[in-house]
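Here is the structure we will look at.
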Amino acid sequence: MDHNKLALPVGTTLDRFIMRKQEDFPYATGELSQLLRDIALAAKIVNREINRSGLIDIAGAYGSQNVQGEDQQKLDVIANIRFIRALRNGGEVCTIISEEDEDMIQTGNNQGKYVVAIDPLDGSSNIDVNVSIGTIFSIYRRVSPTGTEGTEQDCLQTGTHQVAAGYVIYGSSTMLVYTTGNGVNGFTYEHSLGEFFLSHPNISTPKTGAIYSVNEGSSEYFSEAMAAYVAYCKQQNFSARYIGSLVADFHRNLLKGGIYMYPATKKAPNGKLRLMYECNALAFIVEQAGGKSSNGRSRTLEIEPKGLHDRSPLFIGSTELVEKAEEFLAAEYTDALASM
Ligand code: P6P
């Protein structure tokens, strides 16, 4: 018997992968690598708490609202604490913006070179019904001098300035998917070893697909152009898949092809999703995987943020599907200009 078959290799851990990739950056000092490890550590801890939430009293509403006016779940608060603590203790991050906090969070690490924008637990209203949820993060290099607290200018950078971005999906398995601008790689968590292992190297998203994801319960608030595009998807016999958890819908479409849409509606003129810690991270990832992301008209990564919690419409996924949606919406945009 082949000796090696007796003990098959377990694969490449996230740590080893990060170290190998760091070698691609000869001047890298290891700070970004450490930052990615800090995020992975917090993800392991949050994963454990999500998996136990039905058994210990951390499911359900926390009893307060976040800056968005949304009811916070207990696990929203716990995840926020875990990620902020890991980033503060890691020392590489000077300032954090989080969905769960109205203002910038200063970590005290004024020598830290990086700023992180994070949605610690997206889709958390799905926890109690065992639907996949996720963490979404963006990493920027600060623009203000080290030695001082991070500034709003450090936080309000366009998505093109991200140095890394990723998400964790707490689903049938727990995965961490991230990019540093050299492709997209996915790691699956092996609970028994407490490690993320490379399972989806060099993710490339299909140029087209047959899945559309949008909340059609809001269709009465859709513009005519948006309604026309949804009708087009039905005429193409696409499958409607909408989990109501952005990371889960995005991850499925990334691997299988498809488009996720949270459009501007009469009820939500800027859409619902937040530019800095939801849209930009996923836009960086999808572009690195060969896909596309826009607000229906302009490239997501080039949208100038005005505030920490700006919202933006989001059309993201397979390039051909996003471009077709933009074609439909362009008619509306032209009409709007003509009527001005
Ligand atoms: P709606 C969850 O609250 C979230 O931010 C995303 O995860 C999800 O895709 C979207 O909102 C669902 O919003 O309005 O369709 O329920």
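The values are calculated or read from the model by the stated rules, or taken from the named source; none is laboratory data. Source: prediction; values computed, not measured. Here the Cβ positions follow ideal geometry from the backbone for every residue, glycine too, while neighbour counts run over all protein chains shown. Only protein heavy atoms, including side chains, enter the accessible area calculation; ligands, DNA and RNA are left aside. Shrake-Rupley method; radii C 1.70, N 1.55, O 1.52, S 1.80 Å.
Data overview
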read-out	value
FRET efficiency, 1/(1 + (r/R0)^6) with R0 56 Å, evaluated for LEU8 and LYS306 via beta carbons	0.60
Evaluated at q = 0.19 Å⁻¹: base-10 log I(q)/I(0), Debye formula over Cα of region 14-200	-1.35
Rounded to 5, percent antiparallel among DSSP beta bridges of region 1-131	45
Derived scalar couplings ³J(HN,Hα) [region 102-114; Karplus, 6.51 cos²θ - 1.76 cosθ + 1.60; whole Hz; x for Gly, Pro]	5, 9, 4, 9, 8, 7, x, 8, 5, 7, x, 8, 10
Mean projection area, nm², convex hull over Cα of the chain	19.9
Distance between region 274-328 and region 130-195 - C-alpha centres, whole angstrom	16
Positive-end extreme of charge dipole, region 111-264 - chosen from THR135, GLY150, ASN237 (charges on Cβ)	ASN237
Net charge contributed by nearby residues that have their C-beta within less than 13 Å of GLU220 (K/R +1, D/E -1)	0
Positive-end residue of GLY108, ASN185, LEU55, charge dipole of region 14-200 with Cβ unit charges	ASN185
Segments 234-244, 203-213 sorted - mean Cβ within 10 Å per residue, highest first	203-213, 234-244
Gained length - ASN110 relative to ARG297, 0.36 nm times residue gap less alpha-carbon distance	63.5 nm
Extension reserve of the ALA268-LYS256 stretch, reckoned as 0.36 nm per residue once the Cα distance is removed	1.4 nm
Computed [θ] at 222 nm, helices only, for the chain once each DSSP H run of length n ≥ 4 contributes -39500 (n - 2.57)	-10000 deg cm²/dmol
For THR174, distant residues with modelled amide H under 5 Å away	TYR189
Region 211-338 - charge dipole about Cα centre, Lys and Arg +1 at Cβ, Asp and Glu -1, debye rounded to 20	360
For region 218-272: span of alpha carbons on each principal axis (Å, largest first)	31, 26, 13
Hz values of 3J(HN,Hα) by residue in region 307-313 - Karplus curve (6.51, -1.76, 1.60), Gly and Pro given as x	x, 4, 10, 4, 9, 8, x
By average C-beta atoms within 10 angstrom, highest first, the peptides 141-154, 175-188	175-188, 141-154
FRET efficiency estimate (nearest 0.05) - Cβ-Cβ, LEU55 to ASN215, R0 45 angstrom	0.90
For region 161-172, 3J(HN,Hα) per residue [Karplus equation, 6.51 cos²θ - 1.76 cosθ + 1.60, θ = phi - 60°, Hz, x = Gly/Pro]	8, 4, 9, 6, 7, x, 8, 10, 10, 9, x, 4
Extension gain from ASP128 to ARG241, taking 0.36 nm per residue of separation minus the Cα-Cα distance	38.6 nm
Solvent-accessible area per residue for the chain (1.4 angstrom probe, square angstrom)	45
Cβ-placed point charges (K, R +1; D, E -1), dipole of the chain about Cα centre in debye, nearest 20	740
